[in-house]
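Remarks on the structure that follows.
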Amino acid sequence: MRPILMKGHERPLTFLKYNREGDLLFSCAKDSTPTVWFADNGERLGTYKGHNGAVWCCDISRDSTLLITGCADQTAKLWDVQTGTQLYSFNFDSPVRAVDFSVGDKFAVITTDPFMEHSSSIQVKTIAEDVSEQTSESVLTIRGPQGRINRAVWGPLNQTIISAGEDAVIRIWDSETGKVLKESDKEIGHAKPITSLSKSADGSHFITGSSDKSARLWDIRTLTLLKTYVTERPVNACAISPLLDHVVIGGGQEATHVTMTSHRAGKFEAKFFHKILQEEIGGVKGHFGPINALAFNPDGRSFSSGGEDGYVRLHHFDPDYFSIKM
């Protein structure tokens, strides 16, 4: 399978997200300009200009009209997907790390980093149907986890929020009261910071990737550890196939160590594991630096990866991929 190389970002990629139909791919990078691409041929459709810092995360509404982005410039912004117009800016006291629309797109959960005297926080904002009525007040603010909260997503029926980050603990919060309902067990959980978290298509389980060189699969309601996938290097990104029993995991050294690896050019690979059997199926090489972002197309027939090298690589699977026997 020949990848399509998508060059548009000038700095390392941080996040990739398809819309629900799978015809658009949104990319975030440290160059402050979120970009949207056609997901079949990798053609660049447009950019969203207005941020002033690394953009860490984004999400798209169900009908693909609204984009939300979270940025180190201490804002989360709402954009009109089609025109690229900035509709609203939520301002915070510290960098914004994760953003996620609720089912129904009536709310967004936003996490902010620890900064100066501020601790990290998880905040829920109401998303107005009419943007002229949008306000910035939080309906819920949770403080508690130590260190950065790298990901926060909505649980089933928006009743819970699942968060994970630097303290290596996954927490499930009640989205009404903000109380902790469950925490991952230190014994069976990750040993080092959790870098990434991605839900399954049906929302019943999710995968976390960590600097401890593993990815783990969890039940979203009970927080039972279901599976563990072990790799040789820190995991920066992971995703669950919506079609087959596969997960994809990517990573590499922390950015500080990357200069040492010039002789291993193009060796950074996205590894595929069998979701149930936990065995490695194969890998896709190509990036010239750690892989920071991974996403499956909702149809499960292609996936994309974003690297420290500033490239997005879009891969359409060959027919034989769908008949791999273990």
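The values are calculated or read from the model by the stated rules, or taken from the named source; none is laboratory data. Worth saying up front: this structure is predicted, and the values here are computed from it rather than measured. No Cβ is skipped: glycine too gets one built from the backbone with ideal geometry, and neighbour counts run over all protein chains shown. The area values use the complete protein model at the heavy-atom level, side chains included, leaving out ligands, DNA and RNA. Shrake-Rupley method; radii C 1.70, N 1.55, O 1.52, S 1.80 Å.
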Discussion item. In the chain, if the dipole is taken from +1 on Lys/Arg beta carbons and -1 on Asp/Glu beta carbons about the Cα centre, which of Val284, Gly46, Gln86 is farthest to the positive end?
Written reply: Val284
Worksheet item: Would you list Thr195, Thr112 from the most to the least accessible area, probe 1.4 Å?
Response: Thr195, Thr112
Worksheet item: Tell me, what is the FRET efficiency for Leu45 and Ser136 to the nearest 0.05, using R0 = 30 angstrom and their Cβ-Cβ distance as r?
Response: 0.55
Practice prompt. Could you please state how large a percent of the accessible area of the chain is carbon and sulfur, counting protein chains only and using a 1.4 Å probe?
Written response: 49
Discussion item. Counting only other residues whose beta carbon sits under 14 Å from that of Gln86, what net charge do I get with K and R as +1, D and E as -1?
Written reply: 0
Worksheet entry | Residues listed by number, region 217-241, amide nitrogen under 15 Å from Glu187 label point at 7 Å toward C-beta | 224-225
Practice prompt. Of the listed values (1) 21.3, 72; (2) 18.3, 55; (3) 19.0, 60, grab the one calculated as Rg and Dmax of the Cα atoms in Å from the structure here.
Written response: (2)
Discussion item. Please give the charge dipole size of the chain, origin at the Cα centre, charges +1 on K and R Cβ atoms and -1 on D and E Cβ atoms. Round to the nearest 20 debye.
Written reply: 740
Item to complete: State the three equivalent ellipsoid semi-axes of region 103-143, derived from the C-alpha gyration tensor as the square roots of 5 times its eigenvalues, in descending order and whole Å.
Response: 23, 11, 7
Worksheet item: Tell me, what is the percent relative contact order of the chain, built from C-alpha pairs under 8 Å that lie six or more residues apart?
Response: 13
Worksheet entry | Average Cα contact separation per residue, region 37-110, under 8 Å, 6 or more apart, as relative contact order % | 26
Worksheet item: Along the positive direction of the dipole of region 1-149 (beta-carbon charges: Lys, Arg +1; Asp, Glu -1; about the Cα centre), which of Ile127, Phe107, Tyr18 reaches farthest?
Response: Tyr18
Worksheet item: Which pairs, out of Lys106/Lys275; Lys271/Lys325; Lys106/Lys186, put more than 28 Å between their alpha-carbon atoms?
Response: Lys106/Lys275; Lys106/Lys186
Discussion item. Sorting check: for 186-192, 90-96, which peptide has the highest mean count of neighbouring beta carbons within 10 Å, and how do the rest follow?
Written reply: 90-96, 186-192
Worksheet item: Relative contact order for region 109-161: what is it in percent, counting Cα pairs under 8 Å that are at least 6 residues apart?
Response: 37
Worksheet item: Considering only Cα-Cα distances, which of the following residue pairs are longer than 25 Å: Lys17/Lys285; Lys17/Lys125; Lys182/Lys227; Lys125/Lys192; Lys7/Lys285; Lys192/Lys227?
Response: Lys125/Lys192
Worksheet, complete the sentence: accessible surface per residue for the chain, probe 1.4 Å, DNA/RNA/ligands not counted, whole Å² -> 44
Discussion item. Taking 30 Å as R0, compute the FRET efficiency from the Cβ-Cβ separation of Phe115 and Arg62 and round it to 0.05.
Written reply: 0.40
